[in-house]
Every structure is written in structure tokens, then in C-alpha cells.
Amino acid sequence: MLRAKFVLAAALAAATGFATASSITVYPTFIDTSQNRAAVYIKNSGGAPIYVEAQLKKEASDVDAAVFPPAARIQPGKKQVFRLVLPPTQPENGSVRYWRLFVSEVSEKSDEKQAGVANELAFSLPVFQTAKDAKYRLLRDGDGVRNAGNKQVIITRIGDKSEHIWLLPGDRVAAPAGAPIYSGDLLLDAEETR
């Protein structure tokens, strides 16, 4: 199920808007835009240079997108902007396109006997391109909530349970009847269906 691919790890707490791992700080932790471009910033907060590679892969899109630069060496205390180039036209019929931005910190081998690179850290961020008029619409159906809209929504709490779930259009998540559903501090309205 696609929704499962968008469950955010605790290290990438969406509520804060940035994530730190190893010597890397990344912000924002997700992209949601109606534009044809976006940017992700990666900062080296460590004491040595790092080498970072970035790649944008289709999840549910009929159109390719690109990231520039595809790789960069980032000096200590400096940041690098990775620019995302998305399709110039908005998704049709108020739908959504999404990709994953895969970011890897790699270390370069200095010993000639060990040529190549070794992966030090890898993670991915969701990238959404939505129509300007797209909206999520939550419907309660028995023991769950379904997104009947054409825009994704992040659910951070159901009742007293903390969550980090991207509820994509058409996806459903278990939720006890009457349990409040939150996105950050915002109480989401979920219509009852009969």
C-alpha cells in the first residue's frame, strides 16, 4: 500500500519541519507545492566535509522530475541547496503527483585497495505536487477514516496515540469511532458516512 511508504520515521519529525541525523540537518522534511520547483537544504553540522547524493524517484506520477545538483561536497558549517524541478503543468483533475527524494551521505574511500564509496546515511523525503484547488476530505467509515479528497494530509495523532501518517487520496487508516484526529495542533474535521 502506498500509504505505508509515507509513514515518517521518528527521526524525520514532520511537525518540526527539519530533521537531524549524523552530521546532516535537512529542511524541510517534506515538500508540498503547486509550483514547478522547490528546494531542500542540507547543512553539514559536523567537523569534516561530507559528500551527499540526491535522487528523485517517481512514486505515483506519470511524469519524471529532477534534482540539481545530483551530488555535492558540503564543507563543515555550510549548507547546500538541492533544487527540485517538477513538471511545469499542474496535475489534471485536481489530483496529486508524488515522488520520493532519496538523500545519501557517502564517504569516499581514501585507500586505493578499497575503491568506490560506502553509504554512511540514507533517508527519503516525500515530494508532492498538487493542483492549487486540491483539498483533503476525511470520511469516517466504521472503525476507520478515509481520505476522499484529492490532496494528502499528515495525521499526527488519533485519539491519544501519536502517529506520523501521510494519508494520501483514497487511503484509509484505522481510527476508533469518535476519536479526534489531528494534524499538528489542528483538529481535523472528519465527516460521518452512513
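The values are calculated or read from the model by the stated rules, or taken from the named source; none is laboratory data. Please read all numbers here as calculations on a predicted model, not as lab measurements. Neighbour counts run over all protein chains shown; Cβ positions are idealised from the backbone, glycine included. The area values use the complete protein model at the heavy-atom level, side chains included, leaving out ligands, DNA and RNA. Shrake-Rupley method; radii C 1.70, N 1.55, O 1.52, S 1.80 Å.
Quick rundown of the values:
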| read-out | value |
| --- | --- |
| Some residue of region 138-155 being under 20 Å from ALA38 (Cβ atoms), assigned to a loop (DSSP other than H, G, I, E, B) and free of Cβ contacts under 8 Å to residues at least 60 places away in the same chain | yes |
| Conditions (1) under 16 Å from PHE102 (Cβ atoms); (2) open to solvent by 30 Å² or more (accessible area, probe 1.4 Å): number failed by VAL81 | (1) |
